[in-house]
Every structure is written in C-alpha cells, then in structure tokens.
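Undergrad: Quick one: the structure is below, questions incoming.
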Amino acid sequence: MSLYLAAILLAALSGVPGLFLKRRGGEVAAGALTAAALLGIGAALRVLLGAAASGFPGTSVATLSLPSLPLGSPGLLGLDPIAAWFLIPVLLLSACGAWYGTRYWEDPHGHPGRVRFVFGLLVACLALLVSAAHAWVFLMAWEGMAVAAFFLVITEDRLLETRRAAWIYLVSTHSGTLILLGAFALLAGAMGHWNLGPLPRGFAASPAGTTVFLLFLLGFGFKAGAMPLHIWLPLAHAAAPSHVSSLMSGVLIKMGILGLVRLVAWVPDPPLWWGVTLLVLGALSGILGVAFALGQHDLKRLLAYHSIENIGIILLGLGLGLVGKSTGHPVVAALGFAGALLHVLNHGLFKGLLFLAAGSVVHATGTRNLEQMGGLGKAMPWTSAAFLTGSWAICGLPPLNGFVSEWFIYLGAFRAMALSRWPWSVGVLASLALIGALALACFAKAHGAAFLGTARSEAAQRAHESPRAMLLPMGVLAATCVFIGVFPVAMAPLLDRVVAGLGEGMPPLAAMAKLPILTGLALALLALALALGRWLKGQQGAAANLPTWDCGYGETAPRAQYTASSLADSLVTGARFVLLPVTHRARVRGLFPKGTRFESHVPDPVLDRALDPAFRLGAKGLALLHLFQTGQMASYLLYVLLTLLFLLIWMVV
Amino acid sequence: MSQPLLSTALNLLLHALAVLLLPPLIPGLIAKVKARMAGRTGPPVLQLYYDLAKLSRKEAVFSRTTTWIFLAGPVGTVAAVLVASLMVPFGHTPAPISFEGDVILFAYLLGLARFLTVLSALDTGSAFEGMGAAREVTFSALAEPALFFGFAALAKATGSLSLAPMLVGHGLTPQAQGMGTAAHLSGPLILILAGWSIVYLAENARIPVDDPNTHLELTMIHEVMVLDHSGRPFALVLYGASLKLVVLGALLVDLLLPRLAHGWMNWLMFLAGLGGLALAVGLVESMTARFRMTKVPQFLLAGVLASAFAFLLLLV
C-alpha cells in the first residue's frame, strides 16, 4: 500500500519541477512518472499474485483507513485485485505518454509545462479512482480526472474546433457526474453509509437497485462512450494532444467500465435483464462504432470511433459474464468477465500505441486528414511498424493480444449457447464476427492510406521519422501487445484473481481455455513466416527502381491512388441507411468542364444529427422569452409586483 | 500403445504431405473440367506445379513504391493458412491439433491472411490494386457472418467448439442418423452446405463472384490485388490461393463424408471428395456467368441467410 501511495504522490507532483525548470522539465516529469509506474505496477502485481484470499472487494489485501475522519469510514482506499488490474494500464500508459510528450509537446506555444503539470494530476486522479473504497473519494477523484482531462483537451485553445470539443466534453462529463452523485446517494441511502462494498442479497431486484443500475449505466456510459452517450468522445480525442488522447482512450474511458465492474462485484444476485441490457448496448456500440469509424478520414477521429467499438466489445464480455452470473453458469461468467477485463488492458495497450503512432504522423505531416497522407512508411518505417502492430492487435488477429481477449468472449458465448435453449448468445457471436470483419476493413484503410502507396500531398512528402524518445514508448507498448498475444498463459493467474472477485466459484481460466497451444501456434506461425521470408530473400538479382505496373497507363500518379474514402466507399454506401453519409459534388456541365471536387463525410449520428438540431431548436424556442426581457426597469418591477401579488393570493386562498 | 502412436505419426506425416503437395492439383483439375466443358483440351492438370517451379527460378521485380509490407502479403498468407490447416481434419482422419475454440483461431487466421494481402496490395500505390482491396474487404465482411453462423449451427449440433468434432461428428448425415443412404440429407446440413459453398466461391475468388481468368483488371477482385507480384513472391501467392482451395474445401467435404472402417479408406474417400469438389467448382464455373459487382453482396447475403436458417432449424 505504501508503495502505491508513493506512486500516486510521485505522479501528482511529477509536473511541478517542470514549472520552474528552464530545460529538461519534460524529462524530469517523465522520470517521475516512470518511477511511479514501477512502484505502482509493483504494488499491483503483488496484490494480483498475492495469496488467494476470498477476493471480494472490502476484504482487499491492502487498505488505507483513517478512522478519525468525520466521514466515519473505516476505509478510503483499497488496492484490491480489481483496482490493481485497472492500475496497471493507467501507470504504463502514462509513463509511455510522458516520455513521448518530452519530444512531442515541447513547442512553447503549447504551454508544455502546464500540460505536464495537469498530466501528472490526471494520472494521480486516475490512480486514486481505481482504488477508491468510499463514495466521496470516488466522486472527488472522478471529478478531478474530469477537470484535469478538460484542461488537457483544451490545450490548443486558439482553435475553434478544440474549444467546442472541450466544452462538449465538460458538459457531458458533468452530466455524468451528476447522475453518479444521485446513484451513490441512493446506494448510501440503502446501505446507511458511504462506504463502497458488497450489497445485500435482494437489493439488486428492488426498485432502488434498478434505479442504481440505470443511473450507473448512464453515468458510467457517458464516460465509457457507449453508443448513444458517446457524443464527446470523437471530438475530444481528436482535439487533445496525442499522448493525452492515448491516455484518454486507453484508460480514462475505461473508468466507466471500472464503475460497472465494481457494481458487478458488489451485487451477489444480478437480475438477468442487467446482463441482457449490457449485451444489447455492447452490440450496438460495437457495430455502430466500427461502422462510423469506416466513414471517417480524420485519423484521430477514426481511432476515437474505434474506442467506442472496443467499449462495445468489453460490454459484450461484461454482459455475457453478468448473464452467466445471474443464471448460475460460472464457466460462462468467468469467460465473459475474463474476456472483458483482458480487453480493458489490451485496448489500453494497442489503442495507446495507435494514438501515439497517429501523433507521430500528425507531428510529421501537420495534418490529421488521411487523404493528405500516403507513402509515410518509407520515411517513417518505425512509426509504420508500430501502427501496423496496433492495427493487427485491434482487429483481433492472432497472434497478438486482441485475439486472446476476443477469443475468451467467443468461447463464453459458445458455452452459453450449449447451455440454454434460447439462442441469445448467437447474437454475441454474429456481432463479434461482423465487428472483426469491419475493423479489418477499417484498419486496412487507415494503415494503407497513411503509410502505404505514394504521398498525396507536399506535407506527406516532407515527412520525417520521429525522434527516439517518441519511438521508444511505442516500442514498449508494441512489445507488451506481442507478449500478451504470444504468452497469454502468463496473464491467466492474474486474471483468475480478478475474476474471482466478481462472483463465486469461478473456475480458473487454464481449465477452460488451452492457452499454451496458442503460444505453440504463434511460434509456428513466426517460424513459417521467417522460413518463407528467407526463401524469398534467397532469390538472385531482383531488379530495382521500377514503377508500379498500372495496366498500361504509364507511371502511376499519386492522385490516382485509392484514397481512404474510396476504399471504404462500398461499405459506407452499403450501410448508408445507418451512416447517412453526406456528399458534396459539383455538377459537371458542358463539353469542357472546369475542375471540380467531390467530398463526402459521415457526421456523428447523435451529436450532429440529433442533439445539435435539438439544441438549436431549443435555443430558438427560448428566444421567445425575449418578449419579456424588455430592458426597462419599470417592466421588471411590474413582474416583481405581479409575482408578489400572485404569491399573496395563493397563500391567502 | 505403439500401434496408435504409429498411426498418429503416419497421419501427421500424411497431413503435412497433403497440405504441402496436394493444393496445386486442385486449380489444375478445375481448369481441366472447364476446358472439357468448353470442348477444349486445356492445360495439363499439373500446370500449376510447372508454373510454381518456373516462378521460383525467375527474377522478381519490385516497384520503387513498395516496402517490406509488399512481401508480408504472400508470406503471411501462406504461413497463416498453413497454420490454420493444422486444425482442419481431412475427412475422418483426426486433425493434428484440436482444442476447444480452435474454430475461432481458424477463422481469424484466414482474416490475418486477408489483412496482409490487402495491405500488400495497397503498398503498390496502384489504383487498380486499391480497387481490388476495397472489394475484398467489403465482400469478406459479408462472408464472415455466413461462416460464423455455420460454425454456430454446428456447435449447437455437436456441443463442441472444436473444428474436428464439429465437422465430422455433427450427426446430420443420413448415415449417422441410421437411415441409410436412401434417406434425404437433413435440412440444416443442406443449408450449411449452401451457405458455405457461397463462402467458398467468394473466398477463393471463383465465378460467379470473381473470375480468376478474366483479362480486364477493372473487374477483378483477387487477381488485381497481386498484379505487381512476380517471381517467388508470386509463386507464394499462387500456392496460397490453391492452399485456401484445399483448406476451405476440407470444411465442405468433411461435412458429407461417411466414416469408413480403415484409415486408408478414409484418406481415399477424402481425396475423392476433394476431387468431387473441384469437379463441382469447374461445373459451376462453366455454367454460370459472373455477377455484376453490385449483385455480389446479394449473393453473399443469401449465404448468410442460409447459414442463419440452418442455425434456427437446429433450435426447433
């Protein structure tokens, strides 16, 4: 516990020296965050590898208690297995992001010192949040996280787009906090104290339990970015500096999942419809998230929509686990929970990696528009490889880590199908299969348009590889992705420990999934690929410096390449009933038409199509109130008089 | 004890040999059938072996646009499909590797092959190859659910998640149901076969989805993605395509094969089944025209629906 507290303190103060130092402030902050990460992850691993306790939160291995506090609580912070599991990606990503930031965000106009300072605070709040064992600690850390993230999103406040993104984020996150405040108040009312911990049997089925679940779903759904509540996510992720986007997408939105996981752990008897709701929400977020990602050509916005998709996958796993728990099938429950939890870690790793790589691209080309990129793989081979690793993992392709967590969810869904006559879990299978195929299309598009082919703009031609301080964090994340994918068996005991806290009688993963075989096959794949690669290299005298064969048209023009939009066009057109793409095209007239242009984009379904018009209409309606706002003191005094008269009559009668 | 060990080792060896040596025969057979149907003599059945031998000696040409990813396509495809083949039983001979959930790994390894092929196509920067890549990812997004609904139906029928028991132990053939050969095939099996046949034609770029022999790049799907490959990389591409014909074909053939008394009879039966499949593909290719590109999604959707109905039928 003391290790962990030291880690939080280090993280919180990591940005402070940088405020006073003239140089090297970034390195100091990154060093402090690395030390914090080492300490914190050490503490987390100690908890996860610790002796098998009963595992329920509340009986956690390490707790901090201040009995003299007026709140009258025995425990404020507890580093139980769930907290430890969520702590690992928080600290790993923040250390990587901090090193990345030392070279990425050093322009004095970007206020690097302030960014570092708030970044450290954000990390500390996240680390506090995961281990909060008291409602007020939780809410305060939650609020600290929200506000710190707001300041980071609005870093580039001279851009209108950034200001809009930050304000929308602030409004959504505070709506979420308000809802959570209500939920925790309800919980405290039912329990008689503000401590967070196991709920009594029967509570979940009561009206209070139903309300708490719905409020949690709304409040945490806002943060996680589940589909109808995702409005802030694409904007904020695109506007923030990339190492901040990486932390936000990698771990900040997972705090919504953390809240739901906590609820799952506290409730011994969740009703069936809880799990079913999560499954529906998960399928919706997953499929729509990836479908909308296909329509984007802003690289970071595309990645943000993929975060929605992955939250969908996590919710599918969580829902599956909940259904298993409420129907008394521990195997299904364990597989679903394990898949969801491992995907929380995995998504943090590969999405963090992807955002860092995207940041390098933005750094090198000065644009986020995929249509302006192309051919970056030659100038930026390492960034390209990092982005490829991330894409490989996020598509769930073996032998990387994304496959392992999706595999658990698949296994759970298959098991569930064998157990009950009702075929609901085939919906999980079909959604996952469709998500997988669409994600593959989307990342083939993203990687292809950015790194392959030839440059489509001047800026892309002048691109350069990022400095080592930016490449190294990407390397660390990529290596972790590969490690978990090739040696999933190493994660099994840790996962078992977390899953054990989510329900009774959970069987160990090793008994349900043959993880060593995955290692064997991954190594076989590698060996085969190496052997074939050697065979290709063994060929004599390959001719060089020839153009691509373009079917007799002469040399290929960069403008004739397939663009990101055209690559996804048939899929976007196929799903136009859902995506509602907007196209602008000028009519071509006459025998010698002038140059013309064609544009298409896919606006957000909730923000751009529903909320924006609704708020505009609301603003118009409220403008009617201007009738009363005459600006003359006399009329205002008249209103006061009328109100008083009305109250007087009301009280007398 | 030594007897089963010996036969396992022998089966493993045969499996490896079949995977490595057999594939190039299938495209040859299909081409022969097509030629005969058209009243031509056609190229020899072993033509692809000659082609591969020649290509592996030829010099490869690389465009200046390409990077190492250009080679990752062919290498990754062959490696991924070879690993995937380890999990597929050839007839009633058990698969070398079989475990709960290998179905998913199998499907995702094919996905990996597709991902790398598409990337290596985009690496050339050619508009034509981009076109092929766009079509490939679009159509596979529809083929994937069809494959998975079929897996779900078989998992429901067998209560297992492993390819080997699912494909040969589903108990939906007349023989397994004790009705003799006179009885009809059961409904779900027919539907799965229909759905997967569509997937088979689409994944292997055959008519009516794609024409492997077309001469117009604008209308190709798979062929156009590998326009720039030559020499050994192209040999790998061709070999990978024929390997996919065998591995995915095994899925279809396994569903129908009866279990025979001896191991060698099962092997022969499987080879005969693959031959029959090649014949069927050749006949389909001779008798149908390829669809317009806009029709292909409807065709694939029919496959999805067929597999989904197979699943529904198994519930009642």
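The values are calculated or read from the model by the stated rules, or taken from the named source; none is laboratory data. Being a predicted model, the structure only gives us computed values, none of them experimental. Neighbour counts run over all protein chains shown; Cβ positions are idealised from the backbone, glycine included. Accessible surface is based on the protein model in full, side chains and every heavy atom, while ligands, DNA and RNA are left aside. Shrake-Rupley method; radii C 1.70, N 1.55, O 1.52, S 1.80 Å.
Undergrad: Using amide H atoms built 1.01 Å from N in the peptide plane, name the residues 5+ places from A:LEU452, or on other chains, whose amide H lies under 5 Å from its own.
TA: Amide H neighbours of A:LEU452: A:GLY375, A:LEU376, A:GLY377.
Undergrad: Right, something else. Taking a cut-off of 24 Å, what percent of all Cα-Cα pairs in chain B are separated by more than that? Show your work: numbers first, answer last.
TA: Details: 26947 of 49770 pairs.
More than 24 Å apart: 54 percent of the Cα pairs in chain B.
Undergrad: Once amide H atoms are placed 1.01 Å from N in the peptide plane, what residues at a sequence separation of 5 or more from B:ILE221, or on another chain, have their amide H within under 5 Å of its amide H?
TA: HN-HN under 5 Å from B:ILE221: B:ASP211.
Undergrad: Something else about it: Using a 1.4 Å probe on the protein heavy atoms, what percent of the accessible area of chain A belongs to carbon and sulfur? Mind dumping the intermediate values first?
TA: Working: 18080 of 26110 Å².
Answer for chain A is 69 percent, counting heavy atoms of protein chains only.
Undergrad: Per residue of segment A:619-635, what does 6.51 cos²θ - 1.76 cosθ + 1.60 with θ = phi - 60° give for ³J(HN,Hα)? Whole Hz please, x for Gly and Pro, Karplus curve as stated.
TA: 4, 4, x, 5, 5, 4, 5, 4, 3, 8, 8, 7, x, 10, 4, 4, 5
Undergrad: On the full set of protein chains, 1.4 Å probe, figure out the accessible area of A:SER565 and give it in Å² to the nearest 10.
TA: Its accessible surface works out to 30 Å², give or take rounding.
Undergrad: When Cβ neighbours within 10 Å are restricted to other protein chains, what is their mean count per residue of peptide B:53-59? Intermediate results must be reported in sequence, preceding the final value.
TA: Values: counts 0, 0, 0, 4, 2, 1, 5.
That average works out to 2.
Undergrad: Enter the Cα centre distance for the pair segment B:182-241 and segment A:620-650, rounded to the nearest angstrom.
TA: Using only Cα atoms, the two centres lie 75 Å from each other.
Undergrad: For the protein assembly as shown, what Kirkwood radius comes out of the mean inverse Cα-Cα distance, in Å? Provide the component values of the computation, followed by the final result.
TA: Numbers: mean 1/r = 0.0336 Å⁻¹.
The answer is 29.7 Å.
Undergrad: Under the 0.36 nm per residue contour assumption, what length would be gained going from the current alpha-carbon distance of B:LEU312 and B:ALA272 to full extension?
TA: Numbers: separation 40, 0.36 × 40 = 14.40 nm, distance 3.16 nm.
Length difference between fully extended and current span is 11.2 nm.
Undergrad: Using modelled backbone amide H atoms (1.01 Å from N, in-plane), which distant-in-sequence or interchain residues come within less than 5 Å of A:SER600's amide H?
TA: Here A:HIS584 satisfy the definition.
Undergrad: Tell me, what % of the accessible area of segment B:7-315 is carbon and sulfur with a 1.4 angstrom probe? Mind showing how you got there, number by number?
TA: Values: 7540 of 10880 Å².
Whole-percent figure for carbon plus sulfur exposure: 69.
Undergrad: Taking accessible area as the heavy-atom solvent-accessible surface of the protein chains with a 1.4 Å probe, which residues of segment A:510-540 lose no less than 50 Å² upon going from the isolated chain to the full protein assembly?
TA: So the qualifying set is A:LEU521, A:LEU525, A:LEU528, A:LEU532, A:TRP535, A:LEU536, A:GLN539.
Undergrad: Find how many whole Å separate the alpha carbon centroid of segment A:407-445 from the alpha carbon centroid of segment A:297-356.
TA: Centre-to-centre distance over Cα atoms comes out at 12 Å.
Undergrad: Here is a follow-up. Give me the inter-chain shielding for A:486-495: mean count of other chain Cβ atoms within 10 Å, whole number please. Intermediate results must be reported in sequence, preceding the final value.
TA: Working: counts 0, 0, 0, 0, 0, 0, 0, 0, 0, 0.
Rounded to a whole number, the mean comes out at 0.
Undergrad: Sticking with this structure for a sec: Under a 1.4 Å probe, what is the accessible area of the protein assembly as shown per residue, stated in Å²? Please list the in-between numbers first.
TA: Numbers: 37830 Å² over 969 residues.
Each residue of the protein assembly as shown exposes 39 Å² on average to a 1.4 Å probe.
Undergrad: What are the ³J(HN,Hα) couplings of segment B:69-83, residue after residue, when phi is run through the Karplus curve with 6.51, -1.76, 1.60 and θ = phi - 60°? Round to Hz, x for glycine and proline.
TA: In residue order, the calculated couplings are 5, 4, 7, 5, x, x, 4, x, 4, 5, 5, 5, 5, 4, 5 Hz.
Undergrad: With an 8 Å cut-off on Cα pairs and a minimum separation of 6 or more residues, tell me the relative contact order of segment B:7-315 in percent.
TA: Working: 478 pairs, mean separation 93.8, N = 309.
Taking the mean separation of contacting Cα pairs over the length of segment B:7-315, I get 30 percent.
Undergrad: Shifting gears a bit: Only Lys, Arg, Asp and Glu count, each charged at its Cβ (+1, +1, -1, -1), so figure out the dipole size of segment A:350-453 about its Cα centre, rounded to 20 debye. Present the calculation step by step, with values, prior to reporting the outcome.
TA: Details: 6 positive and 2 negative charges, 22 e Å.
Around 100 debye, computed over segment A:350-453.
Undergrad: How big is the gap, in Å, between the Cα center of segment A:235-251 and the Cα center of segment A:192-209?
TA: Result: 35 Å between the Cα centres.
Undergrad: Here's a follow-up. As a check on your grasp of the helix formula, calculate [θ] at 222 nm for the protein assembly as shown: sum -39500 (n - 2.57) over DSSP H runs of n ≥ 4, divide by the residue count, round to the nearest 500. If you can, show how the numbers build up before the last one.
TA: Values: 39 runs with 649 residues, N = 969.
It lands at -22500 deg cm²/dmol.
Undergrad: Still on this model: Sort A:159-171, A:584-596, A:373-385, A:264-276 by packing, meaning the average of other beta carbons within 10 Å per residue, with the highest value first.
TA: Working: A:159-171: 16.5, A:584-596: 7.8, A:373-385: 22.5, A:264-276: 19.7.
In decreasing order of mean packing, A:159-171, A:584-596, A:373-385, A:264-276 become A:373-385, A:264-276, A:159-171, A:584-596.
Undergrad: Given an 8 Å cut-off on Cα distances and at least 6 residues of separation, report the relative contact order of chain A as a percent.
TA: Working: 1099 pairs, mean separation 81.9, N = 653.
Relative contact order, chain A: 13 percent.
Undergrad: With a 1.4 Å probe on protein heavy atoms only, work out how much accessible surface A and B bury together, total over both chains, in Å² to the nearest 100. Numbers along the way, then the final one.
TA: Details: alone 29340 and 14880 Å², together 37830 Å².
Buried area (both sides, nearest 100 Å²): 6400 Å².
Undergrad: Also, quick follow-up: Could you work out the relative contact order of segment B:1-79, using alpha carbon pairs under 8 angstrom and six or more residues apart, expressed as a whole percent? Each step should come with its number before you reach the end.
TA: On the way: 26 pairs, mean separation 15.8, N = 79.
Averaging sequence separation for qualifying contacts and normalising by length gives 20 percent for segment B:1-79.
Undergrad: Note every residue of segment B:87-110 with a reduction of at least 50 square angstrom in accessible area, all protein chains present versus the isolated chain, computed with a 1.4 Å probe, or write none.
TA: The answer is B:PHE99, B:GLU100, B:ILE104, B:LEU105, B:TYR108.
Undergrad: Counting partner chain Cβ atoms within 10 Å of every residue's Cβ in B:18-25, what's the average? All intermediate terms of the calculation are to be shown ahead of the outcome.
TA: Values: counts 0, 0, 0, 0, 0, 0, 0, 0.
That average works out to 0.
Undergrad: For a quick protection proxy, order the peptides A:296-302, A:632-638 by their average other-Cβ count within 10 Å, most packed first. Spell out each step's value before the answer.
TA: On the way: A:296-302: 24.6, A:632-638: 10.1.
Put in order of decreasing packing, that is A:296-302, A:632-638.
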